[in-house]
Amino acid sequence: MSDYVTPQALNGAATPFSPDEPHTKKQSNKPRLLFIVSLIFGVLFTGTHLAGDIQQSGLSFSGSLPLILLAIALLAALGFEFVNGFHDTANAVATVIYTRSLSPTTAVVLSGVFNFLGVLFSSGAVAFGIISLLPVELILQAGSSESFAMIYALLFAAIIWNLATWWLGLPASSSHTLIGAIIGVGVANAMMHGRSALSGVNWGQAMNIGKALLLSPVVGFACAALLLVIMKQLIKKPALYQAPKNHGAPPLWIRSLMVLSCTGVSFAHGSNDGQKGMGLIMLILVAALPVTYSLNRAEPQSSVPHIITLAQSSQQQLQQLSPLAPAGQPHAVLTAYLRTGERNVNVLPALAQVAGNIGATLNHSGSMANLPAGQVPALRNEMYLAAETIKHLQADATLALPAATRQNLQSLRSALDAATQFIPAWVKIAVALALGLGTMVGWRRIVATLGEKIGKHPLNYAQGVSAQLVAMGTIGAADAFGMPVSTTHVLSSGIAGTMAANRSGLQLSTLRNMALAWVLTLPAAALLSAVLYWLLISL
């Protein structure tokens, strides 16, 4: 018997399987068995590789508390991606399940495979772009109690809000949730240290991310509507514009269109949303195990002399431009510049001194692998400060630097980012598994919302294809620019656009609830994370 889910089943009028059907129990246990096997594999795979990295770095622990804290944080990060699967990955399979183009089991497995590939081939730019929202002093305090409080606060705030909106069946955005949680931690940290709340977040990066999150649903709505109109003019196939029937799959050519667009959305989703979990895990690993994960020990030996040369030449060029020594510690000068964005005469000399320290440290050790364990966190902090300072200087239109100096600084920044912004393969695989497992558990509620509760008439095949193709293109473009977007909002707004273009009518109550979730997500997550951060620091 088929395990396709009918529209009536999704809304509670029927169940996916009739109790009277033969072999129902055997079929219904397949997803559960796959889930359990995948979960066991993921835990063993992650634990084995983590232990191997720790052993290779020669790190030892005097007690079990650091390992317990690390395990809780990693489980919470993977839990966030698991819950993310309730929302965002479920959107990738929503239309293909609703239109009966694939059975739920086949759809989620196929989506999981392409999510895995998307995560595996992602650049990591989105992951570190989100992390850069955090206040610089928290990023530099790897292993401190404040860094652990930051991690737990933003993780649990994001998970709580995601679970709440999933329970209500609302396609809320995991991207908004995570970004809101990060903003809340940053604001709380600034206020607890007696500074203005505005100084707790990199607002320039926040504005860039905000624009991407705001514009992508508009693009999804307009482009999906336009694509449906074009399809109607070019493809004169009545079957393409019919709603799914209660029994039987659509014609093969329609199924092929639905499946191809579904795999494209899954791949794009993995390449963009998967990076959020990857960024969280790297934040955890650097905070808990700075000796092991602060620097990319897999960097080729040839990269170290290149960094030394760039650091030394940058130091010389900057000293020629600003020969005076910085007034104050160079780390404090650069931290204040990154926090406030206010450049003074001490910034260039401080950057020159930090660049010189990086070159001298690497020249003494000869390689990343030979660096003494005690020097790893300090070198990583200097590399991060230098790279972020160069990034801010490059965006400063009022600063005129010689072309040779600007080019050399850009090369140094790229080399430093390669040494500090890296994601091990096992992290990508663990995140991909968490996304896929979340899809297997939570897809049903979101499928029902997208299929029948956005428009006044059920979604037809052409609308599903249009929405998925536009979502795939929009998410893929955002990934290329290193900007996070919401799969939920892009796809749901695309479906709404096709409903408007098809004159199917829109269910204002659903759209109102989705808009309300969209508006409330960021401030709610920010408030949750701020309160949790304050509680954890106080305790």
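The values are calculated or read from the model by the stated rules, or taken from the named source; none is laboratory data. All values reported here derive from a predicted model rather than from experimental measurement. Glycine gets a Cβ as well: all are built from the backbone with ideal geometry, and neighbour counts include every protein chain shown. All accessible areas refer to the heavy atoms of the entire protein, side chains included, with ligands and DNA or RNA removed. Shrake-Rupley method; radii C 1.70, N 1.55, O 1.52, S 1.80 Å.
Heavy-atom accessible area per residue, the range 147-296, 1.4 Å probe: how many Å²? Don't jump to the answer; show the numbers that get you there.
Numbers: 5470 Å² over 150 residues.
I get 36 Å² per residue for the range 147-296.
Here, the range 223-352 has an Rg and a Dmax of 27.8, 79 Å when only alpha carbons are counted.
With the highest mean first, a sort of the peptides 274-280, 361-367 on other beta-carbon atoms found within 10 angstrom per residue produces 274-280, 361-367. Rolling a 1.4 Å probe over the protein heavy atoms of the range 222-338, with every protein chain left in place, gives an accessible area that is 64 percent carbon and sulfur.
Computed from the C-beta positions of Phe41 and Ser256 and an R0 of 41 Å, the FRET efficiency is 0.85 to the nearest 0.05.
If packing is taken as the average number of other Cβ atoms within 10 Å across a peptide's residues, how do 309-316, 266-273 rank, most packed first? All intermediate terms of the calculation are to be shown ahead of the outcome.
Numbers: 309-316: 20.1, 266-273: 29.9.
Top to bottom by mean Cβ count within 10 Å: 266-273, 309-316.
Working note: Karplus 6.51/-1.76/1.60 with θ = phi - 60° gives the range 261-274 the couplings 5, 5, 5, x, 5, 4, 5, 5, 5, x, 5, 9, 5, x Hz, where Gly and Pro are set to x.
Give the ranking of His306, His331 by solvent-accessible surface, highest area first, calculated with a 1.4 Å probe. Before the final figure, lay out the partial values.
Working: His306 100, His331 75 Å².
Putting His306, His331 in descending order of accessible area: His306, His331.
In the context of the full set of protein chains, the range 317-385 has a per residue accessible area of 46 Å² (1.4 Å probe).
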